[in-house]
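I'd like to ask you about the structure that follows.
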Amino acid sequence: MRVMRASYIDFSVPHKYAFLKDDGLRVVLCGTGTPFPDQTRAQQCIMVMAAGQSFLFDVGAGSAENLQTLNLPVENVTALFLTHYHSDHISDLGDMMQDRWTRGASTPLEIYGPPGLHLVVDGFRQAYHLDTESRVMHHGRDLLPAAGIEVNVTEVTVCGASWDNGEAYKECPMHARQQVVYDRDGVRISAHLVHHEPSWRVSYGYRVDYKGRSLVISGDTVACDETRAFAKDVDLLIHDVVNVAILDAFSGVVNDPEVVYQRRLSKFFFDLTEVHTSPEDAMGVALDVGAKFLCLTHMWPPRRNPLLRTLGLRLWGRFSELEKKWSGRWVQADDGMLFELPAAPSTEVLKGSALNPFAFALRKSFV
């Protein structure tokens, strides 16, 4: 892995309200893992801060705890955007809604996502109904206003794609495969189709634009034309990746036909290679769109200890000829990683850590 140039500055912001300064985009990775167990990473979650507001993209298992232990302004979250509804992207939705409410929210949470969103949100709200009622009975409505736990749900349909007709997009020209879903206070957030099928029929990536700076979140997808079309000249590209070569190898090794779990796991490993992006292809997308900075997330295999992390630098870093052609920089995602994109005319992408230096002192030394 290359050493970062001096223009990519490492820094730390330990106080949550410092994140809300209205001087550009800030991005914190509150979950960078996968469905497979990994004590060092929560599942998928990204917080974006702009115009004095916070926006969440996915909220997988462990991310709600990260939002609090990283001292992030969860009570300030205006809207949540879901890429799709695999469990590693939605598992902490209930906890996040409760935490936002109990920590100070007094307005409804806006939630955006592909078709099926009402079903998902209604299920979580029903599961947490008794918990919500008990908190009100115990602490009182004056302390916990009803509006703070309410939601406004917007199902986003792009090109008519739905659970029953995931291929409707094929009739749409490329420019129609993206749709602005949020446009307020100078913050524009657009959803675009990506391709996680056959694992999921309708999945979205998102682009955020604010004060002349931009961020694209790929969501779970193969390298696709839609990402290339709608991530042009992006400042920060956060892209899903898995190591396809290792998954192929694991699929062949973990395959004892007499052990049900191994038989299933082998099939899981094989199937994953069809619906995610290899590191080389992710860098190819970054090269094609002219991204300034590429962040690889959702990485598999996990890097649970220093040996695997060192090995990972080699396995994830072999971009050979692509890296020679691209003037940008790249990094492996870790929970708590922070990016700052100062307002234009700045073109810098500053990389640091959102880790609270007191609460995370031991963890920082370990990882």
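The values are calculated or read from the model by the stated rules, or taken from the named source; none is laboratory data. Bear in mind the structure is a predicted one, so any value in this text is a computation, not a measurement. All Cβ positions, glycine included, derive from the backbone under ideal geometry; neighbour counts span all protein chains shown. These accessible areas exclude ligands, DNA and RNA; they are computed on the full protein's heavy atoms, side chains included. Shrake-Rupley method; radii C 1.70, N 1.55, O 1.52, S 1.80 Å.
So which residues in region 103-123 are closer than 21 Å to Glu75 by Cα, open to solvent by less than 70 Å² (accessible area, probe 1.4 Å) and in contact with a strand residue (DSSP E or B) (Cβ under 9 Å, 6 or more places away or on another chain), if there are any at all?
Matches in region 103-123: Ala105, Pro108, Leu109, Glu110, Ile111, Tyr112, Gly113, Val121.
Still on this structure: Tally the residues that are within 25 Å of Lys170 (Cβ to Cβ) and among the basic types (Lys, Arg), restricting the search to region 201-246.
Matching residues across region 201-246 total 4.
In region 20-41, which residue that is modelled with pLDDT under 90 and touching a helix residue (DSSP H, G or I) at 6+ places or on another chain (Cβ under 8 Å) is nearest to Arg207 (Cα to Cα)?
Step by step, filter region 20-41, then rank; the result is Leu20.
Give the number of residues within region 282-291 that are surrounded by fewer than 24 Cβ atoms within 10 Å (Cβ to Cβ) and out of contact with any helix residue (DSSP H, G or I) (no Cβ under 9 Å at 6 or more places or on another chain).
The number of residues fulfilling the criteria is 1.
Would you please list the contacts, defined by Cβ atoms under 7 Å and residues six or more apart or on different chains, that run from a residue in region 238-250 that is more than 14 Å from Val216 (Cβ to Cβ) to a residue that is of a type in the set (Phe, Trp, Tyr) and modelled with pLDDT of 80 or more?
none
Working only within region 129-151, note down all residues that are at pLDDT below 95, part of a loop (DSSP other than H, G, I, E, B) and within 25 Å of Thr78 (Cβ to Cβ).
Scanning region 129-151 gives Arg141, Asp142, Leu143, Leu144, Pro145.
On to the next question. For the subset of region 197-214 comprising residues that are within 15 Å of the chain's Cα centre (by Cα), buried (at least 22 other Cβ atoms within 10 Å of the Cβ) and of a type outside the set (Ser, Thr, Tyr), which member is nearest to Ser346 (Cα to Cα)?
Val208
Here's a follow-up. Is it fair to say Ala223 is of a type in the set (Gly, Ala, Ser), surrounded by fewer than 24 Cβ atoms within 10 Å (Cβ to Cβ) and touching a residue at least 12 places away in the same chain (Cβ under 8 Å)?
yes
Kindly check whether there is at least one residue in region 63-71 that is within 11 Å of the chain's Cα centre (by Cα), open to solvent by less than 10 Å² (accessible area, probe 1.4 Å) and not charged (D, E, K, R).
yes
For region 53-75, how many residues meet the condition of being in a helix (DSSP H, G or I) and more than 21 Å from Ile189 (Cα to Cα)?
Total satisfying the criteria: 7.
Further question: Residues being open to solvent by less than 50 Å² (accessible area, probe 1.4 Å) and touching a residue at least 12 places away in the same chain (Cβ under 8 Å): count how many of those fall in region 144-165.
So the answer is 13.
For region 174-196, which positions are open to solvent by less than 10 Å² (accessible area, probe 1.4 Å) and not in a strand (DSSP E or B)?
Residue satisfying the conditions is His196 alone.
Look through Thr154, Thr107, Thr78 and report the one residue that is assigned to a loop (DSSP other than H, G, I, E, B) and at pLDDT 95 or above.
Thr107
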